[in-house]
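The values are calculated or read from the model by the stated rules, or taken from the named source; none is laboratory data. This is a predicted model, so every value here is computed, not measured. We place every Cβ from the backbone using ideal geometry, glycine too, and count neighbours over all the protein chains shown.
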Amino acid sequence: MNNVPDNKDFTMTTSGREGIRGWLNPTRYGWERVSYWLQRLTGLGLLIYFIGHVYETSSLTNGINAWNSMLQLTQTLGGHLFLLFVIGASTFHTVNGIRLIFTESGKGLGKPGRPDYPYHAASLNYKQKSGIWVAILLACIAMLYGGMVLFGQGG
Amino acid sequence: MGVNFNMASLRLRESQIMKIHYLTGIVSLFAVAIHILFRLIMPFGQSLLYQNVISNYHNIFYALLLESILVLISIHGFNGLRIILIELKQSSRWESTITILVLISMIGIIAYGTRTIVIASGL
């Protein structure tokens with residue numbers, strides 16, 4: 001895996017900064033990069049949901065009719081599918097966030113060693129990758145359970 | 001101790017802010033888990049009935065739980081947004097502007113959510 005940008009990347013941008021395009025580019029840095037932007041995208045999505053949820057629940061203060069009409073907006077197929085996304089996003093964000101806390105405290109990074117060809121970084125090891133896969137797997141399981149609750153009897 | 005205080009502002013080091021970020025994330029995980037359990041102790045649709053939700057708010061412990069979720073997630077979420085925006089561009093003016101805007105938004109959301117909790121508790 002080549003972590004050094006090639007010359008083409010430097011000639012394309014004068015300052016060396018790629019902005020949001022570089023931030024979203026998952027192609028050069030493997031699963032750690034995918035995890036990086038999934039953490040941020042799910043975080044942004046959850047913040048938007050949180051603000052919407054605070055606004056949605058404020059309809060309680062306007063009485064039963066306001067609450068019921070707000071519920072009608074959310075108790076639909078689209079509303080339930082959106083909630084499924086929220087369940088998956090929150091599960092991934094949580095599990096991957098716990099992995100990042102361990103990583104920042106130095107757990108699971110491996111021992112530093114002499115940089116020999118082909119220059120595999122000790123920190124990008126199977127523990128980190130399996131943490132990402134566990135986060136994705138648990139998000140899928142949570143969405144499955146959420147789907148059973150939302151679309152099952154009484155949902 | 002670890003907080004650098006001067007007359008003009010109270011500044012936290014980025015490492016201290018990250019500790020707050022992680023702590024609010026972990027604590028809100030448990031708080032949100034209890035919040036979700038309240039929706040799952042009965043059929044989901046039934047748990048959202050007006051009278052049922054209002055009775056939840058009348059429980060002082062649940063109201064306090066909601067308030068803590070509101071504060072914890074506001075701090076965690078808006079600090080996360082600040083981190084993302086500061087990663088995209090770096091200058092002291094940009095960072096100050098983002099920090100102030102994020103703080104205002106955070107206080108606004110906490111105030112609006114607290115208003116709902118206080119009014120719904122008294123309904």
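Could you list, in sequence order, the residues of segment A:70-83 that are exposed (fewer than 15 other Cβ atoms within 10 Å of the Cβ) and either among the basic types (Lys, Arg) or touching a Leu at 6+ places or on another chain (Cβ under 8 Å) (or both)?
The one that is exposed (fewer than 15 other Cβ atoms within 10 Å of the Cβ) and either among the basic types (Lys, Arg) or touching a Leu at 6+ places or on another chain (Cβ under 8 Å) (or both): A:Gly79.
Is one or more of the residues making up segment A:57-66 more than 10 Å from chain B (Cβ to nearest Cβ) and either touching a Phe, Trp or Tyr at 6+ places or on another chain (Cβ under 9 Å) or under 16 Å from B:Gln46 (Cα atoms) (or both)? First the steps, then the outcome.
Applying the first criterion (more than 10 Å from chain B (Cβ to nearest Cβ)) to segment A:57-66 yields none.
For segment A:57-66, residues more than 10 Å from chain B (Cβ to nearest Cβ) and either touching a Phe, Trp or Tyr at 6+ places or on another chain (Cβ under 9 Å) or under 16 Å from B:Gln46 (Cα atoms) (or both): absent.
Kindly provide the set of residues from segment A:106-155 that are surrounded by 10 or more Cβ atoms within 10 Å (Cβ to Cβ) and of a type in the set (Phe, Trp, Tyr), ordered by number.
Answer for segment A:106-155, where residues must be surrounded by 10 or more Cβ atoms within 10 Å (Cβ to Cβ) and of a type in the set (Phe, Trp, Tyr): A:Tyr119, A:Tyr126, A:Trp133, A:Tyr145, A:Phe151.
For the structure I just gave you, tell me whether A:Gln75 is free of Cβ contacts under 8 Å to residues at least 12 places away in the same chain and of a type outside the set (Asp, Glu). Explain how you work it out, then say what you get.
Numbers: free of Cβ contacts under 8 Å to residues at least 12 places away in the same chain: yes; of a type outside the set (Asp, Glu): yes.
In short, yes.
In the list B:Ile86, B:Ile41, B:Ile104, which residue meets the criterion of being loosely packed, with under 15 Cβ neighbours inside 10 Å and modelled with pLDDT under 95?
Numbers: B:Ile86 fails: loosely packed, with under 15 Cβ neighbours inside 10 Å; B:Ile104 fails: modelled with pLDDT under 95.
Residue meeting the stated conditions: B:Ile41.
From the list A:Phe82, A:Phe92, A:Phe102, pick out the single residue that is of a type in the set (A, V, I, L, M, F, W, C) and touching a Gly at 6+ places or on another chain (Cβ under 7 Å). Step through it out loud before you land on a result.
Working: A:Phe82 fails: touching a Gly at 6+ places or on another chain (Cβ under 7 Å); A:Phe92 fails: touching a Gly at 6+ places or on another chain (Cβ under 7 Å).
Every option except A:Phe102 fails the conditions.
Between a first residue in segment B:81-105 that is over 23 Å from A:Tyr36 (Cβ atoms) and a second residue that is surrounded by 11 or more Cβ atoms within 10 Å (Cβ to Cβ), which pairs have beta carbons less than 7 Å apart while being 6 or more apart in sequence or on different chains?
So the pair list comes out as B:Ser105/B:Phe78.
Would you say B:Thr97 is polar (S, T, N, Q) and farther than 21 Å from A:His53 by Cα?
yes
Going through segment A:43-69 one residue at a time, which ones are touching a residue at least 12 places away in the same chain (Cβ under 8 Å) and surrounded by 18 or more Cβ atoms within 10 Å (Cβ to Cβ)?
Taking segment A:43-69 first, the residues touching a residue at least 12 places away in the same chain (Cβ under 8 Å) are A:43, A:45-46, A:49, A:56.
A:Gly43, A:Leu46, A:Tyr49 - these are the residues of segment A:43-69 that are touching a residue at least 12 places away in the same chain (Cβ under 8 Å) and surrounded by 18 or more Cβ atoms within 10 Å (Cβ to Cβ).
Kindly indicate which of B:Gln46, B:Gln16 is more than 19 Å from the chain's Cα centre (by Cα) and part of a helix (DSSP H, G or I). Please lay out each step first, then the result.
Details: B:Gln16 fails: more than 19 Å from the chain's Cα centre (by Cα).
Just one listed residue meets the conditions, B:Gln46.
Based on this model, can you work out whether B:Gly80 counts as within 12 Å of another protein chain (Cβ to nearest Cβ), buried (at least 17 other Cβ atoms within 10 Å of the Cβ) and in contact with a Gly (Cβ under 8 Å, 6 or more places away or on another chain)? Before the answer, list the steps.
Numbers: within 12 Å of another protein chain (Cβ to nearest Cβ): yes; buried (at least 17 other Cβ atoms within 10 Å of the Cβ): yes; in contact with a Gly (Cβ under 8 Å, 6 or more places away or on another chain): yes.
When the stated conditions are applied, B:Gly80 passes them.
Can you report the number of residues in segment B:12-70 which are within 10 Å of chain A (Cβ to nearest Cβ) and of a type in the set (Asp, Glu)?
Of the residues in segment B:12-70, 0 are within 10 Å of chain A (Cβ to nearest Cβ) and of a type in the set (Asp, Glu).
Only one residue in B:Ser28, B:Ser47, B:Ser55 is without any contact (Cβ under 8 Å) to a residue 60 or more places away in the chain, buried (at least 18 other Cβ atoms within 10 Å of the Cβ) and of a type in the set (Gly, Ala, Ser). Which one?
Details: B:Ser47 fails: buried (at least 18 other Cβ atoms within 10 Å of the Cβ); B:Ser55 fails: buried (at least 18 other Cβ atoms within 10 Å of the Cβ).
When all the criteria are applied, what remains is B:Ser28.
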